[in-house]
Amino acid sequence: MTLWQGRLAGGMADEVAELSVSVSFDRELAIDDVAGSKAHVRGLAKTGILSDGEASLLLGALEQVAEELASGLFVFRPTDEDVHTAIERRVTELAGEVGAKLHTGRSRNDQVATDLRLWSRRSLLEVAGEVVALQDVLLRRATEAGDAYLPGYTHLQRAQPVLLGHHLLAHGWALARDVDRLIATVERLDTSPLGAGALAGSSLPLDPDFVAEQLGFAARFENSLDAVGDRDFVAEALFDLALLGVHLSRMGEEVVLWSTEEWGFCTLDDAYATGSSMLPQKKNPDVAELARGKTGRLVGHLTGVLTTLKGLPLAYNRDLQEDKEPLFDAVSQVRAVLRALAGLYRTVEWHQERMQAAADGPTSASVDLAELLVARGTPFRQAHALVAGLVRDSIARHVPLVELVQAHPDLGEAGAQLLEPGVAVSRRTTPGGAGPVPVADQVERFVRRLDVDRSRLEIHVHTLCAAPVPDSAPRPAPDPGPAGPSEVASRRAPDPGSDQASSPAPNPAPSV
Ligand code: ARG
């Protein structure tokens with residue numbers, strides 16, 4: 001069935017249906033479509049376009065559709081052009097002729113834009129909740145790691161020792177920026193397009209503010225053309241997910257390297273590794289490789305949607321139907337990777353002796369030697385040249401560096417002590433640096449940051465749950481993380497940098 005059959009004679013050619021029918025994928029929007037329709041019906045009733053009796057018939061039918069969707073009994077027909085058609089058809093079957101009034105003052109153009117914003121708001125918050133769950137795992141592993149250290153690398157060459165906790169939290173902070181971006185995208189997309197109609201609004205007395213409020217949106221659209229043609233939020237969401245994917249990919253790449261026999265820094269738990277169909281001895285890091293591999297696809301989705309958008313004249317164009325599959329896929333792929341990586345990091349076994357042996361290489365404290373000379377009054381450039389000369393000598397003459405250092409009049413025993421195992425990392429005292437003192441402080445700051453982000457997410461999730469209409473939308477799963485504040489003070493959560501940010505956590509974990 002199409003919603004526009006009056007205008008064109010006969011049905012769609014089969015190849016046109018094959019090209020344009022979207023119900024196979026936009027059924028993902030079904031609960032949001034029901035939520036949008038309920039708000040629309042209430043809006044029509046409020047302004048007298050529908051009688052109360054008509055509205056309650058339509059709301060009852062929509063509620064039944066919601067139940068059928070939740071129980072898996074809703075039947076999408078191959079003849080339904082899209083999810084909007086399928087739901088309107090079913091409402092009409094259930095409610096009778098009043099079903100013909102459901103679409104009054106509405107177009108699929110404002111309808112689909114509304115559905116996709118509702119879907120994105122919920123889904124991006126769920127993704128952010130899963131990022132926080134992964135950050136929690138990193139935090140736990142970082143704290144457990146205590147004073148364990150490993151080589152830090154630049155250019156993938158051993159550079160200076162760093163605490164393992166410092167290294168793990170480096171990934172944690174990148175993920176914190178992802179959470180921040182996802183929340184910012186949700187805040188920016190939190191505008192209702194419903195009431196914009198096909199492109200210009202309606203002659204009927206619609207109330208877009210009321211409808212926006214019903215759906216828990218922060219505001220209604222300002223411009224109807226923009227409302228139906230804007231997919232910035234899809235592009236932004238895809239960028240957020242692609243960059244998050246890039247971070248997960250870098251984590252994956254590291255696990256791939258660290259779990260090799262050559263590196264030997266970790267062993268994966270069997271549940272988070274795979275075998276080979278031919279080589280009986282193999283234990284492969286496929287989870288980490290897939291985290292790396294999925295990212296190409298995420299970047300591709302962003303590029304694809306930006307390319308689709310770039311040539312579009314105002315306002316709605318059918319090209320916009322191409323926004324959904326990339327977005328749905330990006331969200332589900334990222335979520336799958338987040339969950340698997342969280343399990344991998346939760347269970348991976350670190351080999352600290354091996355890490356520390358690599359970090360205690362004979363030259364790993366070279367810069368500390370130069371800094372000892374600086375402390376004794378040598379300009380850094382000269383100190384650097386002197387130590388570089390000793391390292392070169394040690395390699396060329398096969399003499400341990402420590403012997404050359406001991407024999408050097410400006411370094412002597414004090415210099416030799418700097419080369420003792422574990423000394424170099426303990427001397428990294430710069431705030432934010434890699435040694436035990438700043439890392440202990442960093443852990444506290446990271447804990448506070450997670451609390452703030454949990455409460456920011458919770459405020460948004462509460463707003464969604466408080467919205468009167470989407471009562472048939474599935475409630476988000478409980479966050480397994482530790483407690484975070486849950487008072488809903490305002491629509492906007494505290495800034496991560498603000499004082500409020502460190503307020504204590506009075507209530508159980510938010511549902512994200
Ligand atoms: N399936 C369409 C989409 O995703 C719904 C809107 C159709 N609007 C129209 N004027 N044909 O964009």
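The values are calculated or read from the model by the stated rules, or taken from the named source; none is laboratory data. Given the structure is predicted, the values throughout are model-derived calculations rather than measurements. Note: ideal-geometry Cβ built from the backbone for every residue, glycine included; neighbour counts use all protein chains shown.
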How many residues of the range 94-138 are in contact (Cβ under 8 Å) with a residue 24 or more places away in the chain and away from the ligand (no atom under 16 Å from the Cβ)? The answer is 25
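Residues checked against (1) closer than 30 Å to Ala242 by Cα; (2) modelled with pLDDT under 95:
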| residue | (1), (2) |
| --- | --- |
| Arg339 | yes, no |
| Val348 | yes, no |
| Glu353 | no, no |
| Ala365 | no, yes |
| Glu371 | no, no |
| Val374 | no, no |
| His408 | no, no |
Test result for Phe25, away from the ligand (no atom under 14 Å from the Cβ) and not charged (D, E, K, R):
no
Given Val405, Val367, Val391, which one is surrounded by fewer than 18 Cβ atoms within 10 Å (Cβ to Cβ) and over 22 Å from the mean Cα position of the chain (by Cα)?
Val391
Count of the range 43-68 residues which are surrounded by fewer than 20 Cβ atoms within 10 Å (Cβ to Cβ), touching a residue at least 60 places away in the same chain (Cβ under 8 Å) and part of a helix (DSSP H, G or I)
3
Is it the case that some residue within the range 311-321 is more than 21 Å from Ala133 (Cβ to Cβ), hydrophobic (A, V, I, L, M, F, W, C), within 16 Å of the ligand (Cβ to nearest atom) and surrounded by fewer than 19 Cβ atoms within 10 Å (Cβ to Cβ)?
yes
Taking helices (runs of 4 or more DSSP H) that fall entirely within the range 129-244, which contain at least 2 residues that are under 21 Å from Asp33 (Cβ atoms)?
208-214, 224-229
Conditions: (1) within 30 Å of Gly197 (Cα to Cα); (2) at pLDDT below 95. Thr303 meets all but one. Number of the miss?
(2)
Selection count where residues are more than 30 Å from Ala235 (Cα to Cα) and within 16 Å of the ligand (Cβ to nearest atom), scope the range 157-210
0
Among (1) surrounded by fewer than 13 Cβ atoms within 10 Å (Cβ to Cβ); (2) small (Gly, Ala, Ser); (3) in a helix (DSSP H, G or I), where does Gly377 come up short?
(3)
Considering only residues that are among the charged types (D, E, K, R) and part of a helix (DSSP H, G or I), look in the range 262-317 and name the one that is farthest from Val348 (Cα to Cα).
Lys310
Any chance the range 28-49 includes a residue that's within 16 Å of the ligand (Cβ to nearest atom) and over 20 Å from Val211 (Cα atoms)?
yes
